[in-house]
Each structure stands twice: as C-alpha cells, then as structure tokens.
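Q: Structure in structure tokens, see below.
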Amino acid sequence: MEIVNERPPIYDRAAETFVLTGNELFAYGDKIYNPGGINIPEWLIDHEKVHAKQHEKFGGPEAWWDRYLIDPEFRYHEELEAHQVEYRSFCLYNRDRNKRVRYLMLVARRLASPMYGSIVSLLEAKRRIKQ
C-alpha cells in the first residue's frame, strides 16, 4: 500500500464522528493516509491492510466508510479483525513477553473505547484480540 502524508477523502466526515488528534491513520482504497506524518510501524501497516481488504469485500472504500462512520456495531467488528492482525504482527516483531503484554493492553483499550462503540469490556477485548 502506498503511504501518503495527506488527509483522506473522508477526513472531514471522520472529524464529525470522532475527536481526531492528528495522529490517526486512514485506509482508503490502496492508500494509507497519514495526515500527521507519524512513523508507521509494520504492525500498523498490517492493520490498515486489513481495512483495505474489507473495502474490497464491501464494494469499495466509499461504501465501507459510509457504513463505518454511522454504525458502531459494524465499526467494532471491522476493527476487531484489524486489531487481531495488528497484535499478531506486533508479536512477530517483538519477542519480549512484557512488551507483548503491554501492547495487548494498549490495543484492547483502543478496541474497548467509545471510538468503537464501547461494545466490549477491556477484558473481553483482550480475549477477542488474542483469538
């Protein structure tokens, strides 16, 4: 996937739905948009690749984002798959058990957050990410 340091086509709509910090990444088609120009580790690229594949299955990025921005349940399920891949990828690059535990907590907090609808508890998010 090509990484571009620009805002994605859906940035303004995303800003209406979420509180954006400027460090978010956005998959849109075959590009990862990185408006903050942050360093992107391989495991986050893998996360965004999952979303790119989801776009294809759903009929394209515009249709996917239309649903993603209005449907917390859909958003959660799409993010669960991407978070699972992200965590597995992180573990491939990091053999240290303590780092893995800390990263799992970070990813689970994100998945259990209001951004993704607060659909699961932190404990349940950890369990599902490890599946």
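Q: Being farther than 15 Å from LEU69 by Cα and of a type in the set (Asp, Glu) is the filter here; which residues of segment 1-23 pass it? Reasoning before the result, please.
A: Kept after step one, since they are farther than 15 Å from LEU69 by Cα, are these residues of segment 1-23: 1-7, 21-23.
Of everything in segment 1-23, those that are farther than 15 Å from LEU69 by Cα and of a type in the set (Asp, Glu) turn out to be GLU2, GLU6.
Q: In segment 18-44, what residues are open to solvent by 60 Å² or more (accessible area, probe 1.4 Å) and either in a loop (DSSP other than H, G, I, E, B) or not basic (Lys, Arg) (or both)?
A: First pass over segment 18-44, keeping only residues open to solvent by 60 Å² or more (accessible area, probe 1.4 Å): 19, 21, 23, 30-31, 39, 42.
Correct list: VAL19, THR21, ASN23, ASP30, ASN39, GLU42.
Q: Still on this model: Taking GLU62 as the residue in question, decide whether it is open to solvent by 80 Å² or more (accessible area, probe 1.4 Å) and either of a type in the set (D, E, K, R) or in a helix (DSSP H, G or I) (or both).
A: It is true that GLU62 is open to solvent by 80 Å² or more (accessible area, probe 1.4 Å) and either of a type in the set (D, E, K, R) or in a helix (DSSP H, G or I) (or both).
Q: How many residues, within segment 12-58, are in contact with a strand residue (DSSP E or B) (Cβ under 7 Å, 6 or more places away or on another chain) and aromatic (Phe, Trp, Tyr)?
A: 2
Q: For the structure I just gave you, tell me whether GLU78 is open to solvent by 60 Å² or more (accessible area, probe 1.4 Å), assigned to a helix (DSSP H, G or I) and of a type in the set (Asp, Glu).
A: Numbers: open to solvent by 60 Å² or more (accessible area, probe 1.4 Å): no; assigned to a helix (DSSP H, G or I): yes; of a type in the set (Asp, Glu): yes.
Judged against the criteria, GLU78 is not a match.
Q: Is at least one residue of segment 1-12 over 14 Å from the mean Cα position of the chain (by Cα) and free of Cβ contacts under 8 Å to residues at least 12 places away in the same chain? Spell out the reasoning first.
A: Going through segment 1-12, the residues over 14 Å from the mean Cα position of the chain (by Cα) turn out to be 1-12.
Those left that are additionally free of Cβ contacts under 8 Å to residues at least 12 places away in the same chain: 12.
Within segment 1-12 (the criterion being over 14 Å from the mean Cα position of the chain (by Cα) and free of Cβ contacts under 8 Å to residues at least 12 places away in the same chain), the answer is yes, since at least one residue qualifies.
Q: Between a first residue in segment 74-96 that is of a type in the set (D, E, K, R) and a second residue that is assigned to a helix (DSSP H, G or I) and open to solvent by 30 Å² or more (accessible area, probe 1.4 Å), which pairs have beta carbons less than 7 Å apart while being 6 or more apart in sequence or on different chains?
A: Matching pairs, first to second residue: GLU86/TRP43; GLU86/LEU44; GLU86/ASP46.
Q: In segment 105-131, what residues are under 20 Å from LEU69 (Cα atoms) and either in contact (Cβ under 8 Å) with a residue 40 or more places away in the chain or of a type in the set (Gly, Ala, Ser) (or both)?
A: Scanning segment 105-131 gives ALA112, SER113, MET115, TYR116, GLY117, SER118, ILE119, VAL120.
Q: Another question, then. Among the residues of segment 1-14, write down those that are farther than 20 Å from ALA63 by Cβ and either modelled with pLDDT under 95 or hydrophobic (A, V, I, L, M, F, W, C) (or both).
A: ILE3, VAL4, listed by residue number.
A quick yes/no check of all residues on (1) assigned to a helix (DSSP H, G or I); (2) under 14 Å from ALA27 (Cα atoms); (3) open to solvent by less than 70 Å² (accessible area, probe 1.4 Å):
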{"residue": "ALA52", "(1), (2), (3)": "yes, yes, yes"}
{"residue": "TYR68", "(1), (2), (3)": "yes, yes, yes"}
{"residue": "GLU73", "(1), (2), (3)": "yes, no, no"}
{"residue": "ALA82", "(1), (2), (3)": "yes, yes, yes"}
{"residue": "SER89", "(1), (2), (3)": "yes, no, yes"}
{"residue": "ARG109", "(1), (2), (3)": "yes, no, no"}
{"residue": "GLU124", "(1), (2), (3)": "yes, no, yes"}
{"residue": "ILE129", "(1), (2), (3)": "yes, no, yes"}
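The values are calculated or read from the model by the stated rules, or taken from the named source; none is laboratory data. Since the structure is predicted, the reported quantities are computational estimates derived from the model, not experimental observations. Cβ atoms come from the backbone with ideal geometry, glycine included; neighbour counts cover every protein chain shown. In case anyone asks, the SASA skips ligands and DNA or RNA and just uses the protein heavy atoms, side chains included. Shrake-Rupley method; radii C 1.70, N 1.55, O 1.52, S 1.80 Å.
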